[in-house]
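Below you'll find the structure, written out as structure tokens, and then a few comments.
The values are calculated or read from the model by the stated rules, or taken from the named source; none is laboratory data. In this text the structure is predicted, and so the values were computed from the model without any measurement. In this analysis, Cβ positions are derived from the backbone assuming ideal geometry, glycine residues included, and neighbour counts consider all displayed protein chains.
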Amino acid sequence: MNQLGQTLLEKGAEPLAALAHLASGKAYPHQLLTHAWKTLMQNHPHDSICGCSVDEVHREMVTRFDKSRHLAETIVDESLQAIAGQINTAGVISWPEGSLPVTIYNMTGWERTGTVRIELIAAKSYFKEGPNPPAIAERLAQAPLNLDKGVLLDDTGRAIAVKAEDLGVHFGYELPKDKFRQPYMARKIALTFEAQQVPALGFKTWAWISEPSAQVEPPHSPLVITESGMANSHIAVHIHADGTYDILDKATGHTYEGLGVYEDCGDLGNEYVFRQPDGDIGLTTKDLKAQVKLVESDPYRATYEIKHAWFIPASASELFEEEKRKMVPFRKRTASRSNDLVSFELTTRISLEQSGKGVQVSVFYNNQAKDHRLRVLFPTGLTASTHLADSIFEAAERDTMPAKEWINPSNAQHQQAFVSVSDDTLGLTVANKGLNEYEVLRDGKNTIAVTLLRSVSELGDWGVFPTPEAQCLGDHSVEFAIYPHAGTAIQSGAFAAAYQFQSPWFHTLTPGQQQGSLPAAYQALTWSGPSHALSAFKMSLDHDDIIVRMYNLAHEAEQVTLNPSFPVASAYRSDILERRHNPVDLADGLIRSMAGKCEIITYALQPNQPNQSNQSNQS
């Protein structure tokens with residue numbers, strides 16, 4: 001929930017609100033964003049964000065996450081509408097009247113390609129048109145849609161492979177500023193397609209045409225289904241009978257074998273510390289026969305579903321309860337795992353997109369076991385003594401072997417967006433959404449182990465504080481992605497794919513045949529710096545400057561060049577507090593800088609918009 005919330009603010013609400021201001025003069029919602037951030041930050045004390053508190057604290061955190069996220073979603077929606085109102089769809093000659101333009105937004109720092117699913121209103125009727133909602137729904141349901149004949153065209157008239165689905169009739173409403181609420185019934189359709197080459201900090205528009213004058217065929221897809229997997233131009237995936245999978249990196253010719261094994265072991269620790277029972281050997285799904293079936297086969301994406309019917313110990317043994325009551329230190333606990341077993345079914349979906357350079361994986365399970373830890377394993381087979389883990393404004397290089405003074409019984413470490421192992425020639429990077437614990441195992445294979453679940457029953461630390469809800473019983477879903485590459489994650493650019501994996505796509509239904517100041521495809525800022533990551537694109541409170549913040553992931557200096565697409569009156573070197581410092585020369589419209597090893601650089605760009613409001617939203 002934290003990863004979702006802060007990413008929605010960083011890579012959604014802030015940059016979209018800045019873009020809406022530049023495009024339409026819409027006031028930047030400083031105070032609303034401050035409130036959303038403060039609400040989120042109330043969950044960031046060190047005993048809260050890491051889940052080391054009592055159940056009541058955790059429940060209150062869930063409420064705060066929801067509040068912050070809903071506010072961010074509102075800012076996103078209002079910003080998208082402001083931007084969409086400025087897109088010149090009338091200027092695209094290949095889109096006839098009656099077409100339904102859709103705009104896909106990419107608020108990451110790099111051009112992006114990926115599969116998106118959007119919903120469109122094909123037809124709607126307001127309640128006031130009568131005679132009543134059921135009759136309106138029936139009338140809309142009878143209208144032909146011709147989904148099998150429709151096409152999706154980009155702004156050059158090129159057809160895109162798309163899957164169109166009829167979603168039926170649904171209730172909806174509008175809340176106009178100049179009148180009372182306007183309820184309606186709407187016939188909806190869903191379009192799923194690969195949005196290709198959407199500019200960084202920008203957008204690209206397509207149009208759904210239900211009755212084209214001539215049928216235009218999309219280009220051939222490189223995505224193919226093989227006898228036991230799938231492949232595209234970049235990688236090939238082979239799935240085994242036990243649900244593990246091999247990934248061939250076609251660029252290097254190297255295959256990573258036996259990925260995706262699940263490991264479950266006992267846990268006698270607490271919210272602070274993992275402690276595996278003495279003599280406990282982790283159970284794995286290796287050689288456990290799985291049900292494997294193809295569930296999606298479209299030009300833009302293929303997906304296999306893998307189901308494991310697994311049985312694991314129901315809990316720790318009865319001795320564990322006695323040891324907790326007596327405050328036996330976790331290192332001296334002698335309990336084992338129970339002999340009673342419970343069902344633990346895992347449903348894994350592994351997807352490969354048409355242009356994907358890695359695979360995306362989602363896992364669903366219902367946990368009814370206690371006192372255990374679940375991990376997923378990725379044996380890299382690479383020889384390396386160190387690895388990279390995404391941290392705060394850096395990719396931290398860490399020794400895989402712990403220091404001699406390390407006394408924690410676990411060598412699990414913390415990551416943000418990814419962990420990566422490389423021998424400088426080959427590399428494997430595993431990205432995640434909110435899975436912050438990992439370990440690179442000292443097993444001769446440099447296996448990356450990512451924690452999916454810890455089920456514990458007490459706070460720990462200095463007293464007896466039961467936390468039954470920390471057993472995390474019930475339904476769970478997690479997501480991660482796997483990227484093979486040459487060299488390191490930084491050299492190959494795999495780090496950018498990992499950051500993009502965490503960032504959501506955004507879309508709007510854009511009015512057709514409207515005049516506007518923005519083209520159908522637009523990028524607010526172009527920049528270069530192969531080892532740099534974009535951290536922020538927002539507006540400052542003091543000056544309403546556009547703030548651009550980046551950081552250098554390389555361990556050497558690198559030049560960065562920025563080229564704003566909007567008029568800039570003046571530019572300044574800035575800092576983390578968004579203050580103006582030294583003016584920057586804008587003689588040729590470009591901003592150039594040398595960024596040192598792991599350096600954070602910030603620029604404040606004053607937009608040249610004399611006719612647009614610079615007032616903050618004070619509501």
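The strands (runs of 3 or more DSSP E) found wholly in the stretch 360-419 and carrying at least 1 residues that are aromatic (Phe, Trp, Tyr) occupy 372-378.
Restricting the stretch 368-392 to residues that are touching a strand residue (DSSP E or B) at 6+ places or on another chain (Cβ under 6 Å) and surrounded by fewer than 17 Cβ atoms within 10 Å (Cβ to Cβ), the residue that is nearest to TYR256 (Cα to Cα) is THR386.
If you take the residues in the stretch 243-273 that are among the hydrophobic types (A, V, I, L, M, F, W, C) and at pLDDT 95 or above, which one is farthest from THR226 (Cα to Cα)?
Taking the candidates together, the pick is LEU268.
The set of residues in the stretch 526-536 that are of a type in the set (A, V, I, L, M, F, W, C) and surrounded by fewer than 22 Cβ atoms within 10 Å (Cβ to Cβ) comprises TRP527, ALA536. Of the set (1) touching a strand residue (DSSP E or B) at 6+ places or on another chain (Cβ under 7 Å); (2) in a loop (DSSP other than H, G, I, E, B); (3) surrounded by 15 or more Cβ atoms within 10 Å (Cβ to Cβ), all apply to GLN514 but (1).
Can you tell me which residues in the stretch 199-212 are assigned to a loop (DSSP other than H, G, I, E, B) and touching an Asp or Glu at 6+ places or on another chain (Cβ under 7 Å)?
Result: PRO199, ALA200.
Among all residues of the stretch 537-554, there is at least one that is in contact (Cβ under 8 Å) with a residue 12 or more places away in the chain, in contact with a Lys or Arg (Cβ under 9 Å, 6 or more places away or on another chain), surrounded by fewer than 19 Cβ atoms within 10 Å (Cβ to Cβ) and not aliphatic (A, V, I, L, M). Looking only at residues of the stretch 258-298 that are touching a Gly at 6+ places or on another chain (Cβ under 7 Å) and acidic (Asp, Glu), we find that the one that is surrounded by the fewest Cβ atoms within 10 Å (Cβ to Cβ) is ASP280. For the stretch 464-497, the set of residues classified as assigned to a strand (DSSP E or B) and loosely packed, with under 14 Cβ neighbours inside 10 Å consists of PRO466, GLY474, ASP475, SER477, listed by residue number.
Where strands (runs of 3 or more DSSP E) sit wholly within the stretch 65-179, those with at least 1 residues that are touching a Lys or Arg at 6+ places or on another chain (Cβ under 8 Å) occupy 100-106, 112-126, 162-174.
Checking LYS11, LYS38, LYS26 one by one, the residue that is closer than 28 Å to VAL548 by Cβ and in contact with a Pro (Cβ under 9 Å, 6 or more places away or on another chain) is LYS11 and no other.
Listed here are the strands (runs of 3 or more DSSP E) enclosed by the stretch 519-572 that have at least 1 residues being under 17 Å from SER593 (Cα atoms), acidic (Asp, Glu) and touching a strand residue (DSSP E or B) at 6+ places or on another chain (Cβ under 6 Å): 558-564.
Taking the condition in a loop (DSSP other than H, G, I, E, B) and at pLDDT below 95, does GLY460 pass? So GLY460 passes the test. Candidates in the stretch 305-339 are the residues that are within 38 Å of the chain's Cα centre (by Cα) and under 22 Å from TRP462 (Cβ atoms); of these, the one that is surrounded by the most Cβ atoms within 10 Å (Cβ to Cβ) is ALA316. Checking SER24, SER53 one by one, the residue that is more than 30 Å from GLN515 (Cα to Cα) and of a type in the set (Ser, Thr, Tyr) is SER53 and no other. Could you check, for the stretch 268-290, whether at least one of its residues is more than 20 Å from LEU453 (Cα to Cα) and among the β-branched types (Val, Ile, Thr)? No, that holds for no residue. Of all the listed residues (ARG69, ARG59, ARG112, ARG117), the sole one being within 29 Å of VAL361 (Cα to Cα) and either of a type in the set (Phe, Trp, Tyr) or over 20 Å from the mean Cα position of the chain (by Cα) (or both) is ARG59. Considering (1) in a loop (DSSP other than H, G, I, E, B); (2) touching a Leu at 6+ places or on another chain (Cβ under 8 Å), the lone condition that SER355 does not fulfil carries the number (2). Restrict the check to the stretch 184-195 and report whether at least one residue is of a type outside the set (Phe, Trp, Tyr) and outside any strand (DSSP E or B). Looking through the stretch 184-195, none of the residues is of a type outside the set (Phe, Trp, Tyr) and outside any strand (DSSP E or B). Taking the criterion of being farther than 16 Å from GLN276 by Cα and either assigned to a loop (DSSP other than H, G, I, E, B) or among the aliphatic types (A, V, I, L, M) (or both), the residues of the stretch 294-317 that qualify are LEU294, VAL295, ASP298, PRO299, TYR300, ALA302, ILE306, ALA309. Is it the case that the stretch 206-219 has a residue that's modelled with pLDDT of 95 or more and either of a type in the set (Ser, Thr, Tyr) or closer than 30 Å to GLY529 by Cα (or both)? Yes, that holds for at least one residue. Taken over the stretch 213-254, residues that are closer than 26 Å to ILE160 by Cβ, touching a Pro at 6+ places or on another chain (Cβ under 8 Å) and not in a strand (DSSP E or B) amount to 6. Restricting GLN196, GLN182 to residues that are touching an Asp or Glu at 6+ places or on another chain (Cβ under 7 Å) and touching a residue at least 12 places away in the same chain (Cβ under 8 Å) narrows the list to GLN182.
Let's see how each residue does on (1) under 18 Å from the mean Cα position of the chain (by Cα); (2) modelled with pLDDT of 95 or more; (3) surrounded by fewer than 22 Cβ atoms within 10 Å (Cβ to Cβ):
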{"site": "TRP406", "(1), (2), (3)": "no, no, yes"}
{"site": "SER410", "(1), (2), (3)": "no, no, yes"}
{"site": "PHE418", "(1), (2), (3)": "yes, yes, no"}
{"site": "SER422", "(1), (2), (3)": "no, yes, no"}
{"site": "THR425", "(1), (2), (3)": "no, yes, yes"}
{"site": "ALA431", "(1), (2), (3)": "yes, yes, no"}
{"site": "ASN436", "(1), (2), (3)": "yes, yes, yes"}
{"site": "LEU441", "(1), (2), (3)": "no, yes, yes"}
{"site": "ARG454", "(1), (2), (3)": "no, yes, yes"}
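Under 28 Å from SER99 (Cα atoms) and touching a Ser or Thr at 6+ places or on another chain (Cβ under 7 Å), is that true of PRO219? Here the answer is no, as PRO219 does not meet what is asked.
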